[in-house]
There are 2 protein chains.
Amino acid sequence: MTYFRPEIESMSGYVPGEQPQTGKFIKLNTNENPYPPSAKVVRAIQHAAESGLMRYPDPLGNAFRDRAADVLGVPRDWILCGNGSDDILTIVTRALVGAGQRLRLPYPSYILYKTLAQLQGAAWEEVPLGHDWGLPPEFAAATADLKLTLLPNPNSPTGTMVSRDAVLQLADQLPCPLLVDEAYADFADENCVDLVAKNERIMVSRTLSKSYALAGLRFGYLIAQPHLIQQFIKVKDSYNCDALAIAGATAAIDDQAWLRENVDKVRLTRQQLADGLQELGFAVLPSQANFVWCTHANHAAVTLYERLKQNRVLVRYMNYPGWQDGLRISVGTGEQTEALLALLKAMV
Amino acid sequence: MTYFRPEIESMSGYVPGEQPQTGKFIKLNTNENPYPPSAKVVRAIQHAAESGLMRYPDPLGNAFRDRAADVLGVPRDWILCGNGSDDILTIVTRALVGAGQRLRLPYPSYILYKTLAQLQGAAWEEVPLGHDWGLPPEFAAATADLKLTLLPNPNSPTGTMVSRDAVLQLADQLPCPLLVDEAYADFADENCVDLVAKNERIMVSRTLSKSYALAGLRFGYLIAQPHLIQQFIKVKDSYNCDALAIAGATAAIDDQAWLRENVDKVRLTRQQLADGLQELGFAVLPSQANFVWCTHANHAAVTLYERLKQNRVLVRYMNYPGWQDGLRISVGTGEQTEALLALLKAMV
C-alpha cells in the first residue's frame, strides 16, 4: 500500500541539471552566470550573517521590495518575493490551478511546468510554438478549466522571444492569468514588466539566479497587480525568504551598474559562442538569453554531450520528442567558451 | 470574477507573530532564541558567500545530511532538508493529502496546520487534548480519508509533551503517516527520532530556528524512512535550500557543544520565568519547550499583552475558542525575563 497521493506516486519528478559537488568542470549546463556576483552583495550577506540570525526575517522582504520598486518603476505592493523563481511558480500554480483543472505552456519549453501541474493533480496542454517561434492562435484559445498560462520569455531551451505586442494580445484573449517567466529577460532587448499595469492577467516573474549571478542564493520575485499579490501571500510559506537572501538580493538589485556591465559581457560572449558554433557547422537559434540551442546535422547531440563531459565540460543534452534533440549551452566566460569551441572543433 | 481557487479566495491566511523591523522591542512572541548563533555558523556563512554563489546549491544539501546523519544516528537518505520546517510541513502535506481528504491535529495546537489543509482543499479534524495534555483515544481513530496526522511534540502553545510510548502506540493504530513536529524537542527531556526506525508511519520534523538560534536562516529537516523521503523529494522545489543556509546549517549541527550550552541556559531561564509568573499569580503549564503558556485568574490576557506592548515587550496573545485565551511567552535572556516579570508585577 502507499500513503501518497496517486499523482505523486506515479510521477517521475523533475530532474535539474547536473550539479557536480566535486571535481573541476566547465559548467555550461544550468545557465548560471560565469562571473561571481557584485562584491556589494557578498558584503551585505556577510553583514547580515552577524546581524541577528536568531530573529525571523521580514515575512514580505520589504527591504528588497522597496529597492525593486524603484528600479522597476512599480509600487512595492506589486512585488512578491520568492525563494527562487521556482517558489514563485509553485505559489502561482497552487493559488490558481486546482485538481483536475489545467495549465498551458508552449512546446518546447521549461519541463518544470509540467511537474507543477502534476503536483496539483492538474492537466497540462502543450501548444507547439510556430516555426518562427511565435505563438500559434491555439495558444490563446479559451479551453474549459484553463486556469493558468505559462510563457517563458525568452523561452528555454530555444532562447527565442515573443514580442510585447503578442503578449498583450494573448492576455486579452486568454480566460486566465498569463505568467510571463522572465528568468532570462535581463539578457534580452526588451521585457514585459510595464505590461502588468495594462492587463491584470499579465504577471511577470524574475529570478536573481541568472543575470545577478546568484543561483546559490535562491531569490526570485513576481510582479503582479496588488489584489493578486494579496492572494498569493496566503499561499506562500510565512517566511519563504531568509534574512541572508533578502539582504543579498536587496544589494544586488541596488547595483544596476554591476548588472549592466555583466549583461554586456554575457551578450558579447553569446555572440562569439553562436558565431563559433556556426563556423563548426552547428545550426544555432538566435538567442536573447544567456544560452544557445544548437544542433549539428552530422553529429548526434547526445554523443557530443558525452564526449564533452569526458573532457570535463558540462552542457545540457535535451530531447524533445516530436521536435528535436540538441544541446543547450550556457554562455560562459570568454575563456570557457574558447575551450568549449576548441573541444567541439576536434569532434566535428 | 476571480482567477483563484475558491479555497484560496475564502481563506484568511496564516498570520505569523509580529516581526517589527524597526524600533527596540524585547521580543518574546515567536519563540526565537535570545542568543546569537554559534560563531562557527557565522563564519561558515561568510565563507560560503565568497565561494561561488553564482552556482546552484546542492539540490539535496548532502553536506548537511552527512553531518546530521552522524549526530542523529540515522543514515543520510533518511533525511530531507527544507527551507525551514514550514517547507517540510508543506512538502509532506502536498505529498500525502489531496483535495477533499483530511488531516488531523490536536487542539489547541499550531494554527498553521489548518492553513496547510486549506491550501490543499482538504478538511481537518481537531481533536481536543486530554486534561493531562495526553492524547484521547479519538486521536488514533481510523476516519475515512484520513491521510496525515500532525503532532507537535512538545506542543505549542501548551509546551506539554506526549510520551514516546504514546507516540508508538498512536502510530500503530493510525491508518496514515504521523508527523511528529519536534520544533522544540531540543529543549525537552526526550524525543522520538529513534522511533522512525520502528514504524514507517512515524516521521519527525526539526527546525534550526529555535534551539540553534537560526530563525533568520530558514532551515529545517525531516527524518523518515528512505522510501518515503524519495517521494517527498519529488514534491519539493528543486533547489529548496540555498547555499548559505546549507553551509550555516551544516556548521550549526556540527557544533553540538554550542547547542548543549545554549539549551542549558534556556532551560534554566524557563524555570525562572515559570517560577516568577507563578509568584505573580499566573497559572503556568509545565513546559518542555522554549516558551510557557500562562493565564491569570484576575487579569485579561489581552490587556496584559497590550500593556506589555506599550512598554515595548512583545509576547503572543492567543485565543483558542472553547479552550481558553492566554499568553505564550518565549524564554528570553535572564535580563529580558527579569524585565518582563518586573513589568507584569506592576500590572497584576
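Worth pointing out:
- Looking across region B:263-291, just one residue is closer than 18 Å to B:S156 by Cβ, in contact with a helix residue (DSSP H, G or I) (Cβ under 7 Å, 6 or more places away or on another chain) and either open to solvent by 80 Å² or more (accessible area, probe 1.4 Å) or among the basic types (K, R) (or both), and that is B:R267.
- Among the criteria (1) under 19 Å from A:Y14 (Cα atoms); (2) surrounded by 24 or more Cβ atoms within 10 Å (Cβ to Cβ), the one B:D77 does not fulfil is (2).
- Every residue from region B:120-147 that is out of contact with any Phe, Trp or Tyr (no Cβ under 8 Å at 6 or more places or on another chain) and within 14 Å of chain A (Cβ to nearest Cβ): B:Q120, B:G121, B:A122, B:A142, B:D145, B:L146
- Failed item, numbered, when A:A213 is tested on (1) part of a helix (DSSP H, G or I); (2) open to solvent by less than 40 Å² (accessible area, probe 1.4 Å): (1)
- Search result, residues across region B:26-55 that are surrounded by fewer than 16 Cβ atoms within 10 Å (Cβ to Cβ) and either under 22 Å from A:A63 (Cα atoms) or at the interface with another protein chain (Cβ under 7 Å from one of its Cβ atoms) (or both): B:Y35, B:E50
- First in region B:171-190 and away from chain A (no Cβ under 14 Å) and closer than 13 Å to B:L146 by Cα, second anywhere and open to solvent by less than 10 Å² (accessible area, probe 1.4 Å) and among the charged types (D, E, K, R), Cβ under 8 Å, 6 or more apart: none
- Residues of region A:150-162 include none that is more than 15 Å from A:S205 (Cα to Cα) and outside any loop (DSSP other than H, G, I, E, B).
- Test: residue in region A:146-169 that is acidic (D, E) and touching a residue at least 12 places away in the same chain (Cβ under 8 Å): no
- Considering residues of region A:292-302 that are in contact with a strand residue (DSSP E or B) (Cβ under 8 Å, 6 or more places away or on another chain) and in a strand (DSSP E or B) only, the residue surrounded by the fewest Cβ atoms within 10 Å (Cβ to Cβ): A:T295
- Residues in region A:229-239 that are surrounded by 23 or more Cβ atoms within 10 Å (Cβ to Cβ) and more than 7 Å from chain B (Cβ to nearest Cβ): A:K236 only.
- Which listed residue is surrounded by 16 or more Cβ atoms within 10 Å (Cβ to Cβ) and in contact with a Leu (Cβ under 8 Å, 6 or more places away or on another chain), from B:A171, B:A142: B:A171
- A:E125 open to solvent by less than 10 Å² (accessible area, probe 1.4 Å), free of Cβ contacts under 8 Å to residues at least 40 places away in the same chain and of a type in the set (D, E): no
- Positions within region A:95-119 being closer than 18 Å to A:M203 by Cβ, open to solvent by 10 Å² or more (accessible area, probe 1.4 Å) and either more than 9 Å from every other protein chain (Cβ to nearest Cβ) or not in a loop (DSSP other than H, G, I, E, B) (or both), in sequence order: A:R102, A:Y110, A:L112
- If you go through region B:1-11 and keep only what is open to solvent by 50 Å² or more (accessible area, probe 1.4 Å), in contact with a helix residue (DSSP H, G or I) (Cβ under 8 Å, 6 or more places away or on another chain) and over 12 Å from A:H227 (Cα atoms), you end up with just B:E7.
- Verdict on A:A123 being more than 25 Å from A:F232 (Cα to Cα) and at pLDDT 95 or above: no
The values are calculated or read from the model by the stated rules, or taken from the named source; none is laboratory data. Since the model is a prediction, treat every value here as computed from it, not as a measurement. FYI the Cβ positions are ideal-geometry reconstructions off the backbone, even for glycines, and counts take in every protein chain you see. Heads up: the accessible areas ignore ligands, DNA and RNA and are worked out on the full protein's heavy atoms, side chains in. Shrake-Rupley method; radii C 1.70, N 1.55, O 1.52, S 1.80 Å.
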